[in-house]
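Some notes on the structure that comes next.
The values are calculated or read from the model by the stated rules, or taken from the named source; none is laboratory data. Keep in mind it's a predicted model, so treat the numbers as computed, not measured. As a convention, Cβ positions derive from the backbone with ideal geometry for all residues, glycine included, and neighbour counts pool all protein chains shown.
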Amino acid sequence: MLFGYAGKILRVSLTNNEITEEPLQENFAKEWIGGKGFGTYLLYKEVGKGVEPLSPENKLIITVGPATGSGFPTGGRYGVFFKSPLTDIYAESYSAGHFAPQLKFAGYDVVIIEGKAESPVYLWISDRGVEIKDASHLWGKMTYDTEDAIKEELGDKKIRVACIGPAGENLVKFANIKNDYWRSAGRCGPGAVMGSKNLKAIAARGKKRFELADREGFMEFLKDMNEEIRTDKATSEIYPTYGTPVTVNLVNTTGSFPTGGYWKDGFFEDYEKINAEAVREQITIKPQGCYACEIRCGKLGEAKQKDGTIIRIEGPEYETIYSFGGLNMINDLREIVRMNDYCDRMGFDSMTGGNVVSFAIEAYKRGVLQSEIPLDYGDPESVMYIMEKIVKREDFGDILAEGVRGAAEKLGLSELAIHVKGLEPAGYDPRALYCMALG
């Protein structure tokens, strides 16, 4: 018996409409442990050199680990492994929430998706079996609507859904995978890989439980760990109260908050309008946690827009505040929430998205990018206009959908483009944080 594991690998060939299962071998589990180990090994073994990322030969590998679904704090994550359409090399992306435990409770530690379906489909994984179901009626839907529609169709509100939006369908190279509305496997374009396979969503629900080697000892360990979480200042006060936006003040203090309009500066003068205190005062309703995690660093909030509508969101997280607030010099949290919500509904990475938008405005200012409307930093309508073009791959949006590196090559601005092997950086300026440069 493999303690801590569901014990099975699920393999789905969309080309052949075939579903097969393989036992999780003990030596494989011991050597690679789970999550990143499983995904990295399988991607290296099964996706050869020269495979085009958006071809049927690329694979989407979803993994969980031995802590997933066990009650271990922060153990509710899943990993996605694939060859990236954005970087053309190895890629990994992670998301939390409640999808991963349901995948494991359905009986699987690994899901390998290969090939391409003839028409849109979604995968329904449960402890009663696995089905490839028609998704033609879901194609074109936004992510929230897709989750709701699948739950209603399958008749179970406790089902968890990982899906793509219009950005993934249109093969925007930084499209992401969304679950639980606001959680994202965001980086490197896994949503585009799903879209290239005509795979709209993966739904999971299960009630199977896996064995632990020493359940009594493990429960005692969890008791001690959760007590430490409840007494540590960071996990009991700072993150439950403020979440990741606490980083805004810190990086501004060190001069490493990318801003000024596309990485020109490291200090945003209006940072107090978009920092953790501002988020808490203007938006946050309550802290929200992932499966079995007491830290509850997510922030469920509401932001009233200028037209009176209310946007409900979990966030915005630090990286979204940096990419739209700092890089695009937006100092209104309501507008950042609107941008965040658009990214979530359309299904693309807000980190790369904010970088691409800022790069586009810089290209426009240099006279290289042509636009029907004026584009400028600090203008929310410029940001929204560019993002809508990207999602539809319309006009200059078709170029920007390639990411900063790809767009820069086509526009002749490679010397301006800030990326690492095609991936736009996280929100820490390496000119101030040397460790970031090394990373």
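Here A100 qualifies as touching a strand residue (DSSP E or B) at 6+ places or on another chain (Cβ under 8 Å) and of a type in the set (A, V, I, L, M, F, W, C).
Here A192 fulfils each of the conditions (1) surrounded by fewer than 24 Cβ atoms within 10 Å (Cβ to Cβ); (2) out of contact with any Ser or Thr (no Cβ under 8 Å at 6 or more places or on another chain); (3) among the aliphatic types (A, V, I, L, M) apart from (1). Cβ-Cβ distances below 6 Å connect the following pairs, each with a first residue in the stretch 418-429 that is at negative phi, a second residue that is at pLDDT below 95, and a separation of six or more residues or different chains: Y428/M436.
For the stretch 169-208, the set of residues classified as more than 23 Å from H419 (Cβ to Cβ) and not basic (K, R) consists of E169, N179, D180, Y181, W182, N198, L199, A201, I202, A203, A204, G206, listed by residue number.
For the stretch 11-104, the strands (runs of 3 or more DSSP E) that sit wholly inside it and include 2 or more residues that are in contact with a helix residue (DSSP H, G or I) (Cβ under 7 Å, 6 or more places away or on another chain) are 60-63, 78-83, 90-95.
Picking from residues in the stretch 100-118 that are of a type in the set (D, E) and surrounded by fewer than 24 Cβ atoms within 10 Å (Cβ to Cβ), the one that is farthest from the chain's Cα centre (by Cα) is E118.
Please list, ordered by first then second residue, the pairs with beta carbon atoms under 9 Å, 6 or more apart or interchain, first in the stretch 19-31 and surrounded by 13 or more Cβ atoms within 10 Å (Cβ to Cβ), second part of a loop (DSSP other than H, G, I, E, B) and modelled with pLDDT under 95. Qualifying pairs under 9 Å: L24/L2; A29/L2. Kindly indicate whether G354 is at pLDDT 95 or above, surrounded by fewer than 16 Cβ atoms within 10 Å (Cβ to Cβ) and not polar (S, T, N, Q). Against the criterion (at pLDDT 95 or above, surrounded by fewer than 16 Cβ atoms within 10 Å (Cβ to Cβ) and not polar (S, T, N, Q)), G354 does not qualify. Restricting attention to the stretch 198-228, the residues being basic (K, R) and under 16 Å from I125 (Cβ atoms) number 4. Among the residues of the stretch 310-321, at least one is of a type in the set (S, T, N, Q), touching a residue at least 12 places away in the same chain (Cβ under 8 Å) and surrounded by 20 or more Cβ atoms within 10 Å (Cβ to Cβ). Are any residues in the stretch 138-171 part of a loop (DSSP other than H, G, I, E, B) and under 23 Å from P56 (Cβ atoms), and if so, which ones? Scanning the stretch 138-171 gives L138, W139, G140, I164, G165, N170, L171.
Name every residue in the stretch 274-286 that is more than 24 Å from S358 (Cβ to Cβ) and either among the acidic types (D, E) or buried (at least 18 other Cβ atoms within 10 Å of the Cβ) (or both), in order of residue number. Listed by number, the residues that qualify are E277, E281, T284. In this structure, does I321 turn out to be outside the structural domain of K173 (by TED's automatic domain parsing) and within 18 Å of E281 (Cα to Cα)? Here the answer is yes, as I321 does meet what is asked.
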